[in-house]
1. Among the candidates ILE172, ILE248, which residue alone is crowded, with 20+ Cβ neighbours inside 10 Å, at pLDDT 90 or above and closer than 24 Å to THR300 by Cα?
2. Kindly list, by first and then second residue, each pair from a residue in region 16-41 that is within 16 Å of ALA64 (Cβ to Cβ) to a residue that is within 7 Å of the ligand (Cβ to nearest atom), limited to pairs with Cβ atoms under 7 Å and residues at least 6 apart or on different chains.
3. Consider LYS51 carefully, then state whether it is crowded, with 19+ Cβ neighbours inside 10 Å and either basic (Lys, Arg) or more than 20 Å from ASP91 (Cα to Cα) (or both).
4. Considering only region 85-102, I want to know if a residue exists there that is loosely packed, with under 15 Cβ neighbours inside 10 Å and at pLDDT below 90.
5. Within region 198-313, which strands (runs of 3 or more DSSP E) (wholly inside it) include 1 or more residues that are touching a helix residue (DSSP H, G or I) at 6+ places or on another chain (Cβ under 7 Å), farther than 30 Å from ALA54 by Cβ and in the same structural domain as ILE362 (by TED's automatic domain parsing)?
6. Would it be correct to say that ILE75 is within 11 Å of the ligand (Cβ to nearest atom) and surrounded by 22 or more Cβ atoms within 10 Å (Cβ to Cβ)?
7. Hey, among ILE63, ILE42, ILE34, which residue is in the same structural domain as TYR95 (by TED's automatic domain parsing), touching a strand residue (DSSP E or B) at 6+ places or on another chain (Cβ under 8 Å) and part of a strand (DSSP E or B)?
8. Is it fair to say MET160 is touching a Pro at 6+ places or on another chain (Cβ under 9 Å), in contact (Cβ under 8 Å) with a residue 40 or more places away in the chain and either crowded, with 18+ Cβ neighbours inside 10 Å or in the same structural domain as PRO33 (by TED's automatic domain parsing) (or both)?
Amino acid sequence: MTFKDFHFEPQLLEGLEAMGYDKPTPIQQQAIPIILENKDLIACAQTGTGKTAAYVLPILNKIAKSDHRHLNTLIIAPTRELAQQIDQQVDGLGYFVGASSISVYGGGSGQAWDQQKKAIDGGTDVIIATPGRLLAMFTSSGSVDMTHLKHLILDEADRMLDMGFYDDIMRIMTYLPKTRQTLMFSATMPPKIRTLANTILNNPETINIAISKPAEGILQQAYMAYDTQKMALLKHVLNEKPHDSIIIFASTKEKVKDLGRELSRSGLSIKAFHSDLEQAEREDIMRAFKNKEVKILMGTDILSRGIDVVGISLVVNYDVPPDPEDYIHRIGRTARADKTGTAITFINPKDQRNFYDIESLIGKEIPKLPLPEKLGEAPLYQPQVKVKTTFKRPPHKNKKFNKNSDSK
Ligand code: AMP
């Protein structure tokens, strides 16, 4: 997909070229069509995903097509730094559109205040403001004319609420026209954000791009093991402590089938879940697992997203997932709804670099447990040492722009 697919105005495509953006990021691919269709949107996306341009571009496109003589868009951001960064992107991307913008934040001189007010009264296209200063402008003598406002964007909404801006935001709403398009971007979606969304958005579309952090209640552990030791290790882990519900992830469906067969032969209540099964068979397996008739479910990453089964107390990664985000999705199958759970990963020498990437993503080292003695000696954890392998890792550079975390 390229930016041309959005049928942007030529002036905007020029701006994109000048900024050196070749390809829309996942959040841009998803958000831009929704915004161009004038729908409200709530998007869960962190800084670094390209979220700013995801809303700035479609808004600028609409400005390019309008007569632009009135204030068109209000962007509210928690801090002055963020407001300035957004302003820079509006300036850069909107340069050839001729869109004007101003950032409005506290802490400056009286002169800055006058300048900001003048720019607003003069019909700037986009205002980027922090909540406190914006409210001060509204309440000061000579109110700001918002009658032509078409778009309201709340950026880093979760941070604004954490900073105590809820009341300010609600007061700002009373100055804005009721008919408008409202977009909300937030790195996390706690209940208070949903409440805010229900109050100020109208039938919004939802996008979720964020990398979630593993829940606090998950005990994460790992074993270094050669492939030849993994089956015996798995049996050891499954027998070590009683668990009602267990999910085991492996890298390929062939492995899932083989391991499933081997474990059922040892008398365990296990079902393999993979893409070769008919839809009806998959549904039967899921039902049996949810009802706790089947104790262990084994699958590839197709199991790692979306399935919401309460009471899974153990997740085993028979292999390290190549994508660190998949690790978070996998282990997130346990410790749901504030329960606790354990996630154990088996790392062979070839996968240790991938495991190191996971530790970097979650920002902590996961304890490596000693192998049970009867299994022999474990390989050492030396992620910095290059292991000879035929598997070529994808380049890490610009990774965040090359993948869509929700596409699997
Ligand atoms: P943000 O997540 O909005 O803070 O953006 C992170 C960085 O990515 C900013 O420096 C943007 O200029 C840059 N960026 C946004 N979209 C793209 C894109 N499509 N291609 C290249 N860089 C981008």
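The values are calculated or read from the model by the stated rules, or taken from the named source; none is laboratory data. All of these numbers come straight from a predicted model, not from anything done at the bench. Every residue, glycine as well, gets a Cβ built from its backbone with ideal geometry; the counts of neighbours run over all protein chains shown.
1. Checking each option against the conditions leaves just ILE248.
2. From residues that are within 16 Å of ALA64 (Cβ to Cβ), the pairs are ILE32/PRO24.
3. For LYS51, the condition - crowded, with 19+ Cβ neighbours inside 10 Å and either basic (Lys, Arg) or more than 20 Å from ASP91 (Cα to Cα) (or both) - is met.
4. no
5. So the answer is 218-224, 246-249, 270-273, 296-299.
6. It is false that ILE75 is within 11 Å of the ligand (Cβ to nearest atom) and surrounded by 22 or more Cβ atoms within 10 Å (Cβ to Cβ).
7. Exactly one residue qualifies, and that residue is ILE42.
8. Yes, satisfied.
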